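Notes for the one structure printed next.
Derivation of every value follows stated rules applied to the coordinates shown; laboratory data play no part. Everything quoted here is computed from the prediction, not taken from an experiment. Here Cβ is always computed from backbone atoms with ideal geometry, including for glycine, and neighbour counts include all displayed protein chains.
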Ligand code: ADP
Ligand code: MG
Ligand code: ZN
């Protein structure tokens, strides 16, 4: 399941040659194996861990790219306990540092840290320990500021180096070096001094950001020449991906009954859009006898850690959370991550859903896709540069019924995961036969007509108003003027979404000091529909609702109704509203 993506620097080594580093007959292999079991209580390596460990123990400079939660830390923690001296670990956040120290303490691996919150006495002890041949700690965690700004610390490090006690340097979240990355930290820019001062010490850069330009930049900044880059696949083979249609209350009942049946006694996360949703959804779940608690950014820190802790120790089963529930969550046996509302991007969805199944056992990632949620999120991301584009990619993920969910996700990690690699672990691959191609040309024209009519009346159409009008549920004055649809609401919405995704429609924002309003307008491709030759199809699922109705879609709205608006028009035998006045056409 893991693939190797050699960077330019290690083009000399092909896949076969790389496999040499998976061997278990290096001088340290026995010790590594024994420490894995005895100290870390793990039974076997995950893909690429052993290779990374062997390479760094061989003294090679290494960049390790692996998705979050896959076990990158082990790749320097285990070598640290198998080497003399200590490993210097640069970490961007004090909280991450504290988590690691706590974890290492719990497994009896000695570790120390230096950051701004450490008292003078402890600093002294740690500084002394750095040059102590008995190495009182195997790992020393520091913030990048220490290296960039503390001369005292650097001179101590120099002494340790000269005494051969600095065994290895690990730079965690190494993408922080690069301004092109998403978490640039100015102090990381100064870390090049490490390799310049301590050229003999192997450096291990670690990240979950795979972009090769970012890595190249980090290489330069850290002054490592031609590091070997190990990239593990981002494909999480044990996760089952599924998309369901959201229907407000119905989806909460659906979520509750899943939790009460399929996931009985198991723990999971339900991600919601807002703080308000976190509270209301968890209340609804509680009403249905589920031990669920909300979690969001506005809770005070004690409450947050209380919920987190109770969930980790299985005293509560479900956390109903906003995206604030993220960093530092490392519960191995999360069996489901359900998105009550779509994420704002595929990258976000991958991260959030990826909190499921870290123990490598099967787990489910379900997202509920709701039409109105698109626009709720849209207003939230409107100020972000590529926010809209990313959101639409997420929408496309949800509305794409003929491509493996995995392959849709893979694009965003510059990877190819072919559909065979899915093993029917997504709803598309499992139910491929339940999807048909539907001609939506006439539907598209109807929607365009409504928008043209609205525009001619200087009327702005919100997504809801547009759908209502099309379904004949709008104000009476609309109903007289337009051709309504016989599609179910779900399908009508799916068509509108499809038109948005393909540029026949677009969103238009209007700002007041208090809110952002969204309207639907004609997109750049709308004029194409004026041509009779232009046709448009989309894939629709047949499973979630009446397949009979979908098969009728082809005969709905015969072509002449467009070119001949005066003629009476029947839809499924019913009179389908009157037509647009000629001047609109
Ligand atoms: P990352 O830094 O890649 O996000 P971590 O190093 O924090 O991930 O590890 C995530 C989790 O995976 C930890 O709970 C760790 O104990 C676990 N883990 C690491 N390696 C293995 C392994 N070989 N087998 C099982 N669990 C592992
Ligand atoms: Mg990590
Ligand atoms: Zn699939």
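Values for this structure:
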{"read-out": "For segment 446-549, diffusion coefficient by Stokes-Einstein and Kirkwood Rh (Cα), 20 °C, 1.002 mPa s, µm²/s", "value": "146"}
{"read-out": "Rounded tilt (10° steps) of 387-399 against the dominant C-alpha axis of the chain", "value": "70"}
{"read-out": "Angstrom value of the Kirkwood radius, inverse mean 1/r, which spans all Cα pairs in segment 131-212", "value": "13.6"}
{"read-out": "Longest to shortest principal axis, alpha-carbon extents of segment 258-417, angstrom", "value": "39, 34, 28"}
{"read-out": "Radius of gyration and maximum dimension Dmax of segment 26-160, Cα, Å", "value": "15.0, 42"}
{"read-out": "Rounded to 10°, Cα long-axis angle of helix 249-260 versus longest principal axis of the chain", "value": "40"}
{"read-out": "Reciprocal mean inverse distance between Cα atoms of segment 173-307 - Kirkwood radius, Å", "value": "19.2"}
{"read-out": "Whole-number Å³ per residue for the convex hull built on Cα positions in the chain", "value": "177"}
{"read-out": "√(5λ) per eigenvalue of the Cα gyration tensor, segment 329-444, largest first, Å", "value": "24, 21, 13"}
{"read-out": "Förster radius 25 Å - calculated FRET efficiency between residue 537 and residue 432, Cβ distance, rounded to 0.05", "value": "0.90"}
{"read-out": "Once the Cα gyration tensor of segment 319-379 is diagonalised, semi-axes √(5λ) in Å", "value": "22, 12, 9"}
{"read-out": "P(r), alpha carbons of segment 57-136 - 10 Å bins starting at zero, rounded %", "value": "14, 48, 33, 6"}
{"read-out": "Backbone N under 15 Å from the residue 225 label point (7 Å along Cα→Cβ), restricted to segment 48-71", "value": "61"}
{"read-out": "Between 0 and 90°, nearest 10: helix 120-130 axis offset from the chain longest Cα axis", "value": "70"}
{"read-out": "Distance between segment 46-104 and segment 150-169 - C-alpha centres, whole angstrom", "value": "19"}
{"read-out": "Gyration tensor verdict on segment 249-313 (Cα atoms; rounded if a/c is under 1.5, prolate if a/b is larger than b/c, oblate otherwise)", "value": "oblate"}
